[in-house]
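Comments concern the structure below.
The values are calculated or read from the model by the stated rules, or taken from the named source; none is laboratory data. If you're wondering where the values come from, they're calculated on a predicted model, not measured in any experiment. Backbone-built Cβ (ideal geometry, glycine too); neighbour counts: all protein chains shown. Accessible surface is based on the protein model in full, side chains and every heavy atom, while ligands, DNA and RNA are left aside. Shrake-Rupley method; radii C 1.70, N 1.55, O 1.52, S 1.80 Å.
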Amino acid sequence: MTSERMKAGLPRARSRAVLTHAGGLHARPAIKLTQVAKRFECAVWIALAEQGPWIDAKSIARVMATKTPYMATLYFDAEGGDAAEAASALARLVESDFTDDGNGA
Amino acid sequence: MAKNVGIVIVSHSPDVAKGAADMVRQMVGTHVPLAWCGGNPAGGLGTSVEAVVKALELAWSDSGVVIMVDMGGAETNSEMAIEMMPEKRRARIVVCNGPIVEGAVMAATESSSGATLERVRRAAEELYSR
């Protein structure tokens with residue numbers, strides 16, 4: 001994974017958010033997170049610690065497999081043209097307890 | 001015509017097939033063409049080629065359709081159903097090697113983002129390919 005990350009010259013943005021969703025990152029929020037990540041062109045990684053390990057936030061199987069517990073901090077790292085938008089959209093999604101998916105829902 | 005890749009769920013049990021489809025609808029949403037079939041005409045367990053054909057037509061998308069099956073006859077009947085589809089559609093239908101419930105939800109999640117047939121198939125099979 002690390003070798004695919006940090007391609008020189010691409011815009012990069014990071015963000016973080018505390019998972020306040022009761023029950024942690026179970027199926028439904030994991031699906032929503034993946035769907036929001038996929039909306040962006042850039043690569044997006046997610047981790048449970050600032051130093052990784054980083055996993056592909058667009059892979060539903062991998063995101064679900066993190067089994068992120070309640071009150072854990074989720075770290076996002078995006079790389080590509082719309083990295084800033086992706087990083088802030090994902091943090092907003094988690095902070096809003098998965099209600100703000102950027103679609104005005 | 002539907003743009004997102006369609007999902008067909010084929011189980012020996014209509015309850016399993018319907019339950020998996022309910023999970024897809026409630027967890028992923030309604031932007032993915034979806035159909036299910038299961039059980040034999042007598043109300044028992046089983047699968048039928050005709051029912052799979054009907055489900056394929058219901059969930060058809062020009063982007064293609066993935067079929068999630070449980071075991072044995074579900075897979076062979078799905079393959080026979082594909083043979084009965086118009087030739088130009090056959091190449092755009094794949095039977096996935098993945099868990100029927102989780103695979104259907106993951107395939108639908110991938111499809112909901114507008115992913116290609118190949119990417120949707122990969123998502124459906126990811127849990128078995130690690």
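Restricting region B:98-130 to residues that are more than 10 Å from chain A (Cβ to nearest Cβ) and not in a helix (DSSP H, G or I), the residue that is nearest to B:V32 (Cα to Cα) is B:T116.
Quick check on B:S61: is it within 14 Å of chain A (Cβ to nearest Cβ) and within 29 Å of A:A57 (Cα to Cα)? No: the conditions fail for B:S61. Could we say that B:I67 is more than 23 Å from A:H26 (Cβ to Cβ), in contact with a Leu (Cβ under 8 Å, 6 or more places away or on another chain), in a strand (DSSP E or B) and touching a residue at least 24 places away in the same chain (Cβ under 8 Å) here? Yes: the conditions hold for B:I67. Within region A:41-73, being at the interface with chain B (Cβ under 10 Å from one of its Cβ atoms) and out of contact with any Leu (no Cβ under 8 Å at 6 or more places or on another chain) holds for A:K58, A:S59, A:I60, A:R62, A:A65.
Taken as a whole, the condition of being more than 14 Å from chain A (Cβ to nearest Cβ) and closer than 15 Å to A:A61 by Cα does not apply to B:I82.
Here the condition is being modelled with pLDDT under 95, within 14 Å of chain B (Cβ to nearest Cβ) and over 12 Å from the mean Cα position of the chain (by Cα); of A:A105, A:A8, it holds for A:A105 alone.
Table: residues versus (1) on the phi < 0 side of the Ramachandran plot; (2) in a helix (DSSP H, G or I); (3) not charged (D, E, K, R).
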{"position": "B:V16", "(1), (2), (3)": "yes, yes, yes"}
{"position": "B:G19", "(1), (2), (3)": "yes, yes, yes"}
{"position": "B:K54", "(1), (2), (3)": "yes, yes, no"}
{"position": "B:W60", "(1), (2), (3)": "yes, no, yes"}
{"position": "B:S63", "(1), (2), (3)": "yes, no, yes"}
{"position": "B:N77", "(1), (2), (3)": "yes, yes, yes"}
{"position": "B:I82", "(1), (2), (3)": "yes, yes, yes"}
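Table: residues versus (1) among the β-branched types (V, I, T); (2) closer than 25 Å to B:R122 by Cα.
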| site | (1), (2) |
| --- | --- |
| A:I55 | yes, yes |
| A:A65 | no, yes |
| A:E79 | no, yes |
| A:S88 | no, no |
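Kindly indicate whether any position in region B:89-96 is surrounded by 17 or more Cβ atoms within 10 Å (Cβ to Cβ), hydrophobic (A, V, I, L, M, F, W, C), in contact with a Leu (Cβ under 9 Å, 6 or more places away or on another chain) and more than 14 Å from every other protein chain (Cβ to nearest Cβ). Yes. Reported count of residues in region B:5-28, each being open to solvent by 20 Å² or more (accessible area, probe 1.4 Å), out of contact with any strand residue (DSSP E or B) (no Cβ under 8 Å at 6 or more places or on another chain) and touching a residue at least 12 places away in the same chain (Cβ under 8 Å), is 3.
In the set (1) more than 14 Å from every other protein chain (Cβ to nearest Cβ); (2) in contact (Cβ under 8 Å) with a residue 24 or more places away in the chain; (3) over 23 Å from B:Y128 (Cβ atoms), the condition left unmet by A:S96 is number (2).
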